[in-house]
Amino acid sequence: QKFTEDFSVFVESIGNIDGVQVDVPKIIFVSDNLIIETVAPGKSLRSQLENGELSPAEVRAAKIAVLSTSIIGLLKYGYVHADLTLSNVFYDRPRNLVSFLDRGMHAYLSESEQEACMDLMVGFQLKNKRLIRRACESLGWELPKDRSIQFSGSFFENAEKLIQAITFSETSVPDNLGSVAYAFFRLQSYIVGLTSHETEQISHVLNKYI
């Protein structure tokens with residue numbers, strides 16, 4: 001419940017990302033197993049993308065808003081929305097408004113865990129198994145010393161590799177590590193289709209908040 005409320009306050013404090021409003025539905029009821037929210041305006045990004053309802057500019061702006069808000073939440077406050085599928089993000093065209101739904105799958109990271117997540121991000125990007133292993137240990141889990149587990153692909157392929165290792169682990173895995181791995185993998189949907197110039201825009205946005 002605390003995460004749900006704090007994440008709402010955080011998103012509302014952002015207000016907008018380069019002209020795109022960001023928001024969360026109001027909470028009607030929340031428990032450990034259930035969240036009831038008000039109806040978000042617009043439709044899911046998934047349905048609008050599948051039906052070709054958005055212009056390229058609207059798609060880019062919405063994706064940049066989602067990515068920027070997610071990364072600011074993680075790196076500055078330790079908030080991880082671990083289920084940001086295209087179905088859990090709504091976009092309202094008339095208001096140019098992005099809404100984040102379903103905050104049930106999440107993680108709340110301490111400062112040391114945020115630093116470990118930074119290591120994990122860099123490790124995925126650089127294909128550095130040693131750095132990934134160190135990040136996992138900092139998050140409370142030892143990556144199996146299995147030579148078949150290779151991190152030689154893209155950022156998101158390496159995130160998927162870690163998810164697979166977690167899924168088939170014979171030892172218990174901290175919830176936060178699983179949530180972070182899924183969160184990184186989910187962001188793939190928002191990176192696809194962005195140019196290098198557009199990803200640079202995200203860096204400029206982050207510089208304002210972090």
Checking ILE28, ILE35 in turn, the sole residue that is in contact with a Gly (Cβ under 8 Å, 6 or more places away or on another chain) and open to solvent by 30 Å² or more (accessible area, probe 1.4 Å) turns out to be ILE35
Exception for ASP102 within (1) part of a helix (DSSP H, G or I); (2) open to solvent by 40 Å² or more (accessible area, probe 1.4 Å); (3) touching a residue at least 60 places away in the same chain (Cβ under 8 Å) falls at (1)
The number of residues in the stretch 1-47 that are of a type outside the set (A, V, I, L, M), modelled with pLDDT of 95 or more and out of contact with any Phe, Trp or Tyr (no Cβ under 8 Å at 6 or more places or on another chain) is 3
Counting only residues that are open to solvent by 60 Å² or more (accessible area, probe 1.4 Å), out of contact with any helix residue (DSSP H, G or I) (no Cβ under 8 Å at 6 or more places or on another chain) and modelled with pLDDT of 90 or more, the stretch 168-194 contains a total of 6
Among ARG130, ARG93, the single one that is at pLDDT 90 or above, closer than 22 Å to PHE151 by Cβ, open to solvent by 30 Å² or more (accessible area, probe 1.4 Å) and not hydroxyl-bearing (Ser, Thr, Tyr) is ARG130
Every listed condition ((1) touching a helix residue (DSSP H, G or I) at 6+ places or on another chain (Cβ under 9 Å); (2) open to solvent by 70 Å² or more (accessible area, probe 1.4 Å); (3) part of a helix (DSSP H, G or I)) holds for ASN207 save (1)
Restricting the stretch 96-125 to residues that are modelled with pLDDT of 90 or more and of a type in the set (Gly, Ala, Ser), the one farthest from VAL11 (Cα to Cα) turns out to be GLY123
Filtering the stretch 165-203 down to residues that are assigned to a helix (DSSP H, G or I), among the polar types (S, T, N, Q) and free of Cβ contacts under 8 Å to residues at least 12 places away in the same chain yields THR167, SER196, THR199, SER203
Taking the stretch 14-58 and keeping residues in contact with a Ser or Thr (Cβ under 9 Å, 6 or more places away or on another chain), outside any strand (DSSP E or B) and farther than 22 Å from LEU194 by Cβ leaves VAL24, PRO25, LYS26, ALA40, PRO41
ALA61 meets each of (1) among the small types (Gly, Ala, Ser); (2) part of a loop (DSSP other than H, G, I, E, B); (3) under 25 Å from THR199 (Cα atoms) with one exception, condition (2)
In the stretch 10-27, anything at positive phi and touching a residue at least 60 places away in the same chain (Cβ under 8 Å) is listed as ASP18, GLY19
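The values are calculated or read from the model by the stated rules, or taken from the named source; none is laboratory data. Just so it is clear, the structure is predicted and the values come from calculations on it, not from any experiment. Quick reminder, even Gly has a Cβ in these numbers, built from the backbone with ideal geometry, and neighbours come from all protein chains shown. Ligands, DNA and RNA are excluded from the accessible area calculation, which covers all protein heavy atoms including side chains. Shrake-Rupley method; radii C 1.70, N 1.55, O 1.52, S 1.80 Å.
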